[in-house]
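The values are calculated or read from the model by the stated rules, or taken from the named source; none is laboratory data. Everything numeric here is computed off the predicted structure, so don't read it as measured data. Every residue, glycine as well, gets a Cβ built from its backbone with ideal geometry; the counts of neighbours run over all protein chains shown.
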Amino acid sequence: MNPFRDSLACVTGGSSGIGLAIARRLAAHGARIVLIARTPERLSAARADIVSLVPDASVETVALDVTDQAAVRQATAVITAQWGDPRFLFNCAGDALPGQFDGYPRADLHRMMAVNLEGTWNVTQALVDALRRTRGHVVNVSSLAGLVGTTGYTAYAASKFAVVGFSEALRNELAVDGVRVSVLCPGDTDTPQLAAEQAHKPPETAALSARARVLSPDQVAKVCLSGVRAGRFMILAGGDAQLIVWLKRFAPWMLFRTMDRVVLRARRETRSAP
Ligand SMILES: NC(=O)c1ccc[n+]([C@@H]2O[C@H](COP(=O)([O-])OP(=O)(O)OC[C@H]3O[C@@H](n4cnc5c(N)ncnc54)[C@H](OP(=O)(O)O)[C@@H]3O)[C@@H](O)[C@H]2O)c1
């Protein structure tokens, strides 16, 4: 059975990267889609991209900043009035800025919390009644950094650990109403966000991520939708993520010692560089 066929799916961050890849796959499965992001031109380009792949796709776009709670409430009221109650909500909108903890700007910490946690909260809260009516499914995008904290990601990890905690509590709260909640935790994925992050990574962070395999957005989208079909709460994307989460659970000392060694080596190399 295809749960996506003819269902309405809202995808925040649907104009790029992982959100766009999820929207493409949803369209291929026959879902009706509402793409949500801030920039109208990127939304139009994403819509054209999806329609070029699935010519009969139903794709609407809504330009919205998910951190603006009043605007979110207004926009979601229009979405439900015009296109009906969504059966799926994918909260993919997110922001990441790595940097060393000393001197990390508070404004960037606030932005990360606002987009990654509060944005997810705002859209979910505005649509929760509609999701109850459809006995729907919410998928919040956290990260592998929301399960294992690594150097250079104090702000981002804090926001993504918060998304995991929020999702776990919400799962328990909405299960009695027949609404499912999942949290997607991908490792590094080849998107514009990752490209932007590379420019800001401290050398120790770059050394750690150099060891990780980079996923394609479509690989993540595929794992995400099969996790949704299977009704899984925690959806891990990528073999690295599976291994790292296993190590953290059963041999944390081994994981932390390995990470600390990589960081120490990178620090020494940076200090001894001419
Ligand atoms: N790429 C990775 O390696 C990776 C790994 C793990 C988790 N993730 C998470 O996956 C999610 C998607 O990331 P991505 O890599 O696909 O990023 P991306 O390609 O940069 O896409 C981010 C999307 O979010 C939208 N967005 C950003 N801020 C927004 C706001 N305030 N309101 C509404 N929309 C907003 C962007 O459009 P506008 O800028 O036009 O608003 C864009 O559509 C994020 O939550 C990210 O943290 C990414």
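Are any residues in segment 1-18 part of a loop (DSSP other than H, G, I, E, B) and away from the ligand (no atom under 11 Å from the Cβ), and if so, which ones?
1, 2, 3, 4, 5, 6, 7 - these are the residues of segment 1-18 that are part of a loop (DSSP other than H, G, I, E, B) and away from the ligand (no atom under 11 Å from the Cβ).
For segment 1-34, enumerate the residues that are charged (D, E, K, R) and either within 12 Å of residue 225 (Cα to Cα) or under 16 Å from the mean Cα position of the chain (by Cα) (or both).
The answer is 24, 25.
Could you name every one of the helices (runs of 4 or more DSSP H) located completely within segment 211-274 that has at least 1 residues being more than 23 Å from the chain's Cα centre (by Cα) and of a type in the set (A, V, I, L, M, F, W, C)?
In segment 211-274, 239-250, 252-272 are the helices (runs of 4 or more DSSP H) which contain 1 or more residues that are more than 23 Å from the chain's Cα centre (by Cα) and of a type in the set (A, V, I, L, M, F, W, C).
When you check residue 170 against the structure, is it within 16 Å of residue 237 (Cα to Cα) and in contact (Cβ under 8 Å) with a residue 24 or more places away in the chain, yes or no?
no
Looking at 151, 124 in this structure, which one is away from the ligand (no atom under 11 Å from the Cβ), in a loop (DSSP other than H, G, I, E, B) and under 21 Å from the mean Cα position of the chain (by Cα)?
Exactly one residue qualifies, and that residue is 151.
Go through (1) within 16 Å of the ligand (Cβ to nearest atom); (2) out of contact with any helix residue (DSSP H, G or I) (no Cβ under 6 Å at 6 or more places or on another chain); (3) among the aliphatic types (A, V, I, L, M) one by one and return the number of the condition residue 273 breaks.
With (1) within 16 Å of the ligand (Cβ to nearest atom); (2) out of contact with any helix residue (DSSP H, G or I) (no Cβ under 6 Å at 6 or more places or on another chain); (3) among the aliphatic types (A, V, I, L, M) applied to residue 273, the lone miss is (1).
Looking at residue 66, is it hydrophobic (A, V, I, L, M, F, W, C), touching a residue at least 12 places away in the same chain (Cβ under 8 Å) and farther than 24 Å from residue 229 by Cβ?
So residue 66 fits the description; yes.
Only residues in segment 95-117 that are assigned to a loop (DSSP other than H, G, I, E, B) count as the first member; pair them with residues that are of a type in the set (Asp, Glu), Cβ under 7 angstrom, at least 6 apart or cross-chain, and list the lot.
Partner pairs satisfying both residue conditions: 96/197; 97/108; 98/197.
Those residues that are in contact with a strand residue (DSSP E or B) (Cβ under 8 Å, 6 or more places away or on another chain), not polar (S, T, N, Q) and not in a helix (DSSP H, G or I), I need them from segment 52-86; list them, please.
Passing the criteria: 57, 59, 60, 62, 63, 64, 66, 84, 85, 86.
Let me spell it out: the conditions are (1) away from the ligand (no atom under 16 Å from the Cβ); (2) under 14 Å from residue 18 (Cβ atoms); (3) aliphatic (A, V, I, L, M), and residue 266 meets all of them except one. Which number is the exception?
(2)
Looking at segment 158-165, is at least one residue outside any helix (DSSP H, G or I), within 19 Å of the chain's Cα centre (by Cα) and modelled with pLDDT of 95 or more?
Scanning segment 158-165, I find no residue that is outside any helix (DSSP H, G or I), within 19 Å of the chain's Cα centre (by Cα) and modelled with pLDDT of 95 or more, so the answer is no.
Every residue in segment 180-202 that is among the charged types (D, E, K, R), more than 6 Å from the ligand (Cβ to nearest atom) and not in a helix (DSSP H, G or I), please.
180, 190, 201
Could you please tell me which pairs satisfy a Cβ distance under 9 Å, a separation of 6+ or placement on different chains, a first residue in segment 178-195 that is closer than 15 Å to residue 222 by Cβ, and a second residue that is of a type in the set (Phe, Trp, Tyr)?
Listed pairs, sorted by first residue: 182/233; 184/90.
Any chance segment 21-37 includes a residue that's crowded, with 17+ Cβ neighbours inside 10 Å, of a type outside the set (A, V, I, L, M, F, W, C), within 17 Å of residue 134 (Cα to Cα) and touching a residue at least 24 places away in the same chain (Cβ under 8 Å)?
Yes, some residue in segment 21-37 is crowded, with 17+ Cβ neighbours inside 10 Å, of a type outside the set (A, V, I, L, M, F, W, C), within 17 Å of residue 134 (Cα to Cα) and touching a residue at least 24 places away in the same chain (Cβ under 8 Å).
From the list 145, 130, 107, pick out the single residue that is touching an Asp or Glu at 6+ places or on another chain (Cβ under 8 Å) and either buried (at least 23 other Cβ atoms within 10 Å of the Cβ) or modelled with pLDDT of 95 or more (or both).
Exactly one residue qualifies, and that residue is 130.
Being more than 9 Å from the ligand (Cβ to nearest atom), closer than 15 Å to residue 92 by Cβ, at pLDDT 95 or above and not acidic (Asp, Glu) narrows it down to one residue among 215, 225; which is it?
When all the criteria are applied, what remains is 225.
Can you pull out the residues in segment 19-55 that are within 13 Å of the ligand (Cβ to nearest atom) and either of a type in the set (Phe, Trp, Tyr) or in contact with a Ser or Thr (Cβ under 6 Å, 6 or more places away or on another chain) (or both)?
Answer for segment 19-55, where residues must be within 13 Å of the ligand (Cβ to nearest atom) and either of a type in the set (Phe, Trp, Tyr) or in contact with a Ser or Thr (Cβ under 6 Å, 6 or more places away or on another chain) (or both): 35, 36, 37, 42, 43, 46, 47.
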